Structure formats: C-alpha cells, structure tokens
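Just below is one structure, and these are the notes that go with it.
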Amino acid sequence: MANETNKLEWPLWEVFIRSKAGLDHKHAGSLHAADAQMAIENARDVYTRRMEGISIWVVESKNIFASDPKEAESLYDPANDKIYRHPTFYNLPDEVKYM
Amino acid sequence: MKNKLFYILEWADNTLILGQRLSEWCGHGPVLEQDIALTNIALDHLGCARNLYTYAAEIFNGMDAVDRSECFASVAFQRNVKEGHQADEDDLAFLRDAWDFRNVLLVEQPNTDWAYTVARAFLFDAFNYYYLTAMCNSVDERLAGIASKSLKEATYHLRWSSEWVIRLGDGTEESKTRIVEAIANLWPFTGELFTATEVDTFVEGLGVDFAALKPLWEQKVAEIFDEATLEVPTGVWMQSGGKTGTHSENLGFVLAEMQFMQRAYPNMEW
Amino acid sequence: MVDAIHGDFEQKIANDITIEPRDTMPDDYRKTLIRQISQHAHSEIVGMLPEGNWVTRAPSLRRKAVLLAKIQDEGGHGLYLYSAAETLGVTRDELLDQLHSGKAKYSSIFNYPSLTWADMGAIGWLVDGAAIMNQVPLCRASYGPYARAMVRICKEESFHQRQGFEIMHVLAKGTEVQKKMAQDALNRWWWPALMMFGPHDSDSTNTEQSMKWRIKRISNDDLRRKFVDVTVEQTKVLGLTVPDKDLMWNAETGHYDFGAINWAEFWNVVKGNGPCNKQRLEARKAAWQKGEWVREAAMAHAEKRKARKEALVAA
C-alpha cells in the first residue's frame, strides 16, 4: 500500500500506559505521530485526558511481532494437560489451612 | 487595590485571549492528534484565566464604590456597579470593552495558519514559562498558587511549541518559508512582553520584574531557533499598547464574537 | 470446544467469542466492519463542527471549557475508531480520502445547522443521547478492537449527555426568551434525532446480516422506541413540549406511540441535500488540505533527525 497518499501518513504507534504505581503498562490503543517524542506527547493528550496514566510507552506498530492465530493450537494447547503447574492440583490435609 | 486588579488582568487577559484564539482551531487541525493537543492547551489557558478572573472579581467587589466605577468603561459594567451587583469571572470576560483589556498584542494576533499559530504560541510560551516561574515567588499566596499550577502546564506548552518551531524550521522548504514569515510578522509584538507599565511598577513583590525576564527569554528563543535553523530577527521596531488598553484592530473582533451572547441576552444565567 | 483458539469464524460468532484482528474472517465481515467503523469515526469528526461553531461564542467561561472538552473528546473518539478500523488493514488516510471524496457516509444529523446556544443543549441531550443508546450495545460487538473502542467511548461520553441536559435545564428554567430558545432547539432537533437510529427494520438493508455477525445487537426500531420512551420523560422534567402531535402513551404496549418520521427528508439529507452537507464536507476538506504541508514538514523533520542519528552511530 505504498501509494502517494500513504507516503505522507505519519507512522502508526501502539500506546501502553501504566495507570498507577505498581501496575504493568497496558495496551491503551494506537495513534499516528511523526516521531517517538511526538507519539509520547500525542499519547498523553489522547489517552490520559482523565488521569488514566502516570507513565507511557510507545512503539511503532510495524515493530511489533505477533503470534499467528493459525498456530494457536500448537502454541497454547500443550499447556492444557499440565495441571500439576497449578496449586489446586495438590491435596493437603485439612489441618493445613493456608499454604 | 486598582493596581493589583489591573496587574492580575494583564495576566488573565493574556491567557483568555490566547485560549480563545487557540480554541478557534478546534475541529480544524492539520491532523486529529494535533487538534486534540491544541485543545488541551486552549483548555489550560482558559482554566488559568478563570482562576485569575475569580480572584480579580473578589478584589473588585471589595473595592469602594468610587474606585469600582472608575475601573471599567463599558456601560454594561457600569450599570452592574451602580445596581450593586457582585462581579464574577464572566463579567470580567464578557462585559469589558477592548480598551479595558490588558493583554499583550501578541496573543490577539490571528491564527492565520499553523506556522503563525506555532510561532505565536512559542514566543508567548517562552515568556510565560519564565513569567510563571517568577510569579511562584509572589508575596500574594493566591497568585503564587495559580502560578505554580499553571507552570506545570506552561512547561508542556513550551515543549510542544518549541518542537513545532524546530519541525517547521528544519522540515521542508515550504514549512521553513512559512515559519520565517510568521516569526518576522509576529516579532514586533514581542517587545511589549518585557515592558513594565505603570501598573506593573506599583505592585512590587506581588508581580515580577519584566525586564529581568528578557535575557532568559532571549536565550531560550536563540536556543530553539538555532536548532530550527532559524535566524533571530534584529533591529525590529516594536509595537506596544496592549497592556495599557490600546490594542490592534483584532481584539475588537475577538470580543465581538466572544461576548455576543452576554451582550444580546444580558443578565441571564447560562 | 469453541474458544479464542478453537473453532472457525462461524462457530466463534455463534458462541459469542470475540474476533481479533489476525483471526480468519469472511471478506464481507471485514468490509462491513470497515464501512461501519469508519462511518462512525467520520461522524465523530464531522460532529465536531456544529458544536465547534459555538466554542468561541459560549455564554460563560464554564460553558466554554465544558464545550471544548466535549468536542475534544469527539476528536478522541474519532481517533479510537479510526485506529480500530486500521486493524482491519486499511489506513486512516484511505478512510479520510473516502470521506473527502463523498464516497463514505457519516451520521446525517450533523448536516443540520446549530443556530442558537440552545442547540448545544439539544445536541448534547438528544444527539449524544441517541448516540449513546446506539453505542452501548456495540460494547459487546463481535470484533474486539471495535468493542474495546466503544467501551472507552461510552465511558467518556457519559458526561456529554449530562452537560447537554444541564444546558437545556438552565434555559428551560430561565427567562422567557431562554425557554423559547430551548423549545425552538427541541423542535428542530427532535425528528433528526429519531432518524439517527436509521430506517425502519423492514427497510434496513444491513440490519439482518449485522445482527447475525453480532456487529449490531439491537434493531433500529427497538432502539428508537427505547429512546423515545426515555426522552419523553426527560422532556417533562424540562417542561418543554415534544413537537409531535401524535405522541401518546400506549398502556397496552408499555411504550409511547409516536408520529410518522419524514423519511423523504431523511434520504435527501443522506443523499447530500441537507442544510449543511456542503459546508461540513468543505470544512473537513479544507482542514485536511491546509494541513498537508504541516504533516509533510513533521515527517521530513523526523526523517532528517533519524538520518542524522544514524550518521552519528555510523561514525
């Protein structure tokens, strides 16, 4: 899609926001900006108008590599039968109340 | 008290008129993200103006009747004074005529295009940043409080407008031509930023030493222009008059639009 | 089992599993989404114009600030929606080209003029009210990015309708002329607001398929009836009169019966014959064209800066 109109279009960025101390940055949305600094500032203006954030990450969308949904079964199903990774798999005597 | 009132109005009118000008962009920006950014800045200015007008109105209401009747010329304002109405933020914004506005000429200049808007914002923001920094030390706690809140916003405004001056100066040939023209045409309005009026000299300790802000401003402008590959204009004749109520033709039109509702439907709640 | 990982498109839709950008989806589903989401995005940014008219003339500083913040939100909502559409493999510039060329539609309501300050009240109360009613079910739309954008939008919009109603309320309880202004605005915006829900279900070409795909959850007529029921009660609080002589409570159905909508007007406004179609589109095009050199300059500067940095690293 590298036609004339798109040559001018500012790149797309993905925005991640930490909403308060102690929490992870979470995907908030995307926006267009000419450079990283502008992307941060635009993210501040677009996604934190209502005190939604205290820290912003931006990454140009084209730099995100995503897993293929077609491979989802082979990627995620094998974890299904490994229930021994979960604490509820283990039987404890009733006397032990918390562990 | 009158000097204090007028000093606050110099500040308040700057932010109201610039906020009004910037709000004209709302819905017409060059790209959605910047439309939103500009509106944020307009809202900051408007918020600052409201805080200041509220304080100014309190001071005005506390003055004696003779002093009050001598502050503002407009008939609507005079009538309110005579009838004993308490003034509020809206009276100060909507009932004064141009000669009672004390903003600098710079902020009433039209938006023209993105380059003029950016240049006007930058020249003012650089001033406003140092002005507010100094105002944080005002002996008047209320004003110092408003200044320190606004300073955070102004720091961001200055960053935004500095970056745009750099982008336009060091962007394309067209953007350079446009920003050079905008700066050349707005430059004559920058001298007034640092000229103290009679009012300013009467409020020592409460206000700032305007002349002392000039070198700081010049340094900031030189630094950003350098990065933007722009020349600092020299030997320019400076316009002045805004701070004492002698405005450019622009302000009358700004007020005609802004004050229309209060003039057509006076003394109503909205 | 059908979940986010297992099952084909039809199975996921049938089981209310959200479809995400890289999942396989029928071409028509993608096209329908792009059309609907971009129309919605265009409506947001064109919708900034009739209210933008009054920013510089707002009657008080408080109203000015609120109105500015509201219009700014609409810009934000347009942005969220364009972003959602972009996950479907179309760029924002392409979508804007479609708007500017007249190929894409936007909500017809914005082709009506905002003539008095009371219109800011009526738009917030009726137009945003109708929009919210349309939008809340979309928070559960089958396409993930769209649904998430709608959640954010609905959350932010909750103040929009309130500020509109507040404006109407102050006017309706104000002086004679203010009350007249409020009634006049209600008269002009009532029917266009009802039209916002789209044609009758029997005449709506897209409804059936969109319901099947769960892009649409509640039919046009059902939403419209709900809007009338709620809004008529609010009108009573204001002490204003709904401009519909056929409006009557129907105890049998538990809903209001209301008069016939002027569909000839509706379709004409859609086709471009509304009072402001031309101005609105011209304003959008002008903003875009006047902004071209600005967007170009920012890009050129970013590239220069990048090149300088790379040269520095190389050296």
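The values are calculated or read from the model by the stated rules, or taken from the named source; none is laboratory data. Just so we're clear, the structure is a prediction, and the values are computed from it rather than from any experiment. Every residue, glycine among them, receives a Cβ derived from its backbone with ideal geometry; neighbour counts consider all protein chains shown. Please note that ligands, DNA and RNA were not included when accessible areas were found on the heavy atoms of the full protein model with its side chains. Shrake-Rupley method; radii C 1.70, N 1.55, O 1.52, S 1.80 Å.
Values as computed for the structure displayed
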quantity	calculated
Cα long-axis angle, helix C:176-195 against chain C (0 to 90 degrees, to the nearest 10)	60
Theoretical gain in end-to-end length, C:LYS309 to C:LYS285 [0.36 nm per residue, Cα-Cα removed]	5.1 nm
Heavy-atom accessible surface of segment A:8-99: percent carbon and sulfur, 1.4 Å	57
Model label zone, C:ARG62; criterion: amide N under 20 Å from point 7 Å along Cα-to-beta-carbon; scope segment B:42-60	B:43-60
Three-way shape call for chain C based on the alpha-carbon gyration tensor, with the a/c threshold at 1.5	oblate
At least 10 Å² accessible surface lost relative to isolated chain, residues of segment B:174-208 (1.4 Å probe)	B:GLU174, B:SER175, B:ARG178
Helix-only CD estimate at 222 nm, as mean residue ellipticity for chain C, using -39500 (n - 2.57) per DSSP H run (n ≥ 4)	-20500 deg cm²/dmol
Residues in segment C:37-62 occluded by at least 40 Å² - accessible area, probe radius 1.4 Å, against chain by itself	C:MET48, C:THR56, C:ARG57, C:PRO59, C:LEU61
Of the GluC sites (Glu not before Pro) in segment B:150-250, those whose Cβ has at most 13 other Cβ within 10 Å and which sit in DSSP loop	B:GLU204, B:GLU231
Chain B - percent relative contact order, Cα under 8 Å, separation 6 or more	24
Accessible area per residue in Å² at 1.4 Å probe, computed on chain B	39
Within the accessible area of segment B:2-264 (1.4 Å probe), percent carbon and sulfur	52
Protein heavy-atom accessible area occluded, C/B pair - total, 1.4 Å probe, Å²	4000
Those trypsin sites (Lys or Arg not before Pro) in segment C:48-132 that DSSP places in a loop and that have at most 11 other beta carbons within 10 Å	C:LYS103
10 Å Cβ neighbours from other chains, averaged over peptide C:66-74	5
Net charge over other residues, Cβ less than 14 angstrom from the Cβ of B:VAL81 (K, R count +1; D, E count -1)	-2
Within 10 Å of each Cβ in C:168-180, the average number of Cβ atoms from other chains	2
Threshold 40 Å², segment C:244-287 residues less accessible with all protein chains present than alone (1.4 Å probe)	C:ALA287
Sum of side-chain charges, B:TRP270 neighbourhood, beta-carbon under 14 Å (Lys, Arg +1; Asp, Glu -1)	0
Spacing of the two label points (7 Å from each Cα toward its C-beta) at A:LEU8 and C:LYS271, in nm	3.3
DSSP H segments from chain B that extend 18 Å or more along their own axis, Cα-based, with Kyte-Doolittle mean of -0.5 or above	B:2-23, B:32-61, B:114-135, B:141-169, B:173-186, B:210-227
Inter-label distance, nm, simple model (7 Å from Cα along the C-beta direction), C:ASP8/C:ARG22	2.2
Fraction of accessible area attributable to carbon and sulfur, chain C (%, probe 1.4 Å)	54
Chain pair A, C: total accessible area buried, heavy atoms, 1.4 Å probe, Å²	2400
Heavy-atom surface of chain C, accessible at 1.4 Å and reported per residue (Å²)	42
